[in-house]
1. Do we have any residue at all in the range 202-218 that's β-branched (Val, Ile, Thr), closer than 23 Å to GLY134 by Cβ and buried (at least 21 other Cβ atoms within 10 Å of the Cβ)?
2. Go through the range 130-184 residue by residue and tally those that are of a type in the set (Val, Ile, Thr) and outside any helix (DSSP H, G or I).
3. Take ILE69 and tell me if it is closer than 16 Å to LEU168 by Cβ, buried (at least 21 other Cβ atoms within 10 Å of the Cβ) and within 16 Å of ligand 2 (Cβ to nearest atom).
4. Filter the range 165-182 for residues that are in contact with a Ser or Thr (Cβ under 9 Å, 6 or more places away or on another chain), away from ligand 2 (no atom under 16 Å from the Cβ) and under 19 Å from GLN93 (Cα atoms) and give the result.
5. If you go through the range 80-95 one residue at a time, do you hit one that is within 17 Å of the chain's Cα centre (by Cα), among the hydroxyl-bearing types (Ser, Thr, Tyr), within 16 Å of ligand 2 (Cβ to nearest atom) and surrounded by fewer than 18 Cβ atoms within 10 Å (Cβ to Cβ)?
Amino acid sequence: MTNPAHAPALVELKAVNKHYSALHVLKDINLEVAKGEVLVVIGPSGSGKSTLCRTINRLETIDTGSITIEGKELPAEGKELARLRADVGMVFQSFNLFAHKTILENVTLGPIKVKGMAKADADKLALSLLERVGVGHQAAKLPAQLSGGQQQRVAIARALAMKPKVMLFDEPTSALDPEMINEVLDVMVELAKDGMTMVVVTHEMGFARKAADRVIFMADGQIVEEATPENFFTNPQTDRAKDFLSKIL
Ligand code: ADP
Ligand code: MG
């Protein structure tokens, strides 16, 4: 899925480097994600996948290089950052819902606070998104009253409520009991089918095969392999990827 020469990629990283003290955690990352593309990021623990997601969302700063969304760089801080960050939805391994707010309030908070949406409009939007992810009837409950799979679907609805241009998923199913994994992946597959641009860190091969346009394999802070899901899983090129796949498959 390479981008046509003149349109800017929806997300573009150019020569991105990041250190945590002496640890060089992202090494000269160049990456483009086209509008509507679903990119799966795979790689061993500690290879920099979460850091990559967090830098795209400016939850982490970078040392050198640039990250742009539709050709625009995210400012480092301030009001403008909050507004532009709304373009990048993020779903984490731990759902991070506000424990003392209802499911509905969890979803309406961002649109009301960041986008200045009227409460009635935010409620309507939130309910339609909660319906879409299959938890509309849970709107008045608190997060703890829902299963992990349901909470993660709420987290997806919450991110969607900001009408993001791209959604980042960082191992969204790895904290879930096995029987709940598919209900979350199914929602993600539907999102992909609807044309959402997605960057998904996951080792769920079924999801990658069903929804991914492209897979990148990271190791030691570098992108060491890039392929279609079919090619990556059946015919990995590097020893690192072969070794990794032999452990997870
Ligand atoms: P992955 O998501 O692929 O498991 P991470 O991006 O979480 O990898 O981490 C990459 C490396 O950076 C690891 O060695 C990790 O220990 C280190 N690291 C991650 N976050 C921090 C941090 N806030 N401070 C220092 N080191 C960190
Ligand atoms: Mg991680």
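Values quoted throughout were computed directly from the atomic coordinates according to the rules given, and no laboratory measurement underlies them. This is a predicted model, so every value here is computed, not measured. Note that we place each Cβ from the backbone using ideal geometry, even for glycine, and neighbour counts take in every protein chain shown.
1. yes
2. Of the residues in that region, 4 qualify.
3. Criteria not met by ILE69.
4. If the condition is that a residue be in contact with a Ser or Thr (Cβ under 9 Å, 6 or more places away or on another chain), away from ligand 2 (no atom under 16 Å from the Cβ) and under 19 Å from GLN93 (Cα atoms), then VAL166, MET167, ASP177, MET180, ILE181, ASN182 are the ones that fit.
5. Yes, the range 80-95 contains at least one residue that is within 17 Å of the chain's Cα centre (by Cα), among the hydroxyl-bearing types (Ser, Thr, Tyr), within 16 Å of ligand 2 (Cβ to nearest atom) and surrounded by fewer than 18 Cβ atoms within 10 Å (Cβ to Cβ).
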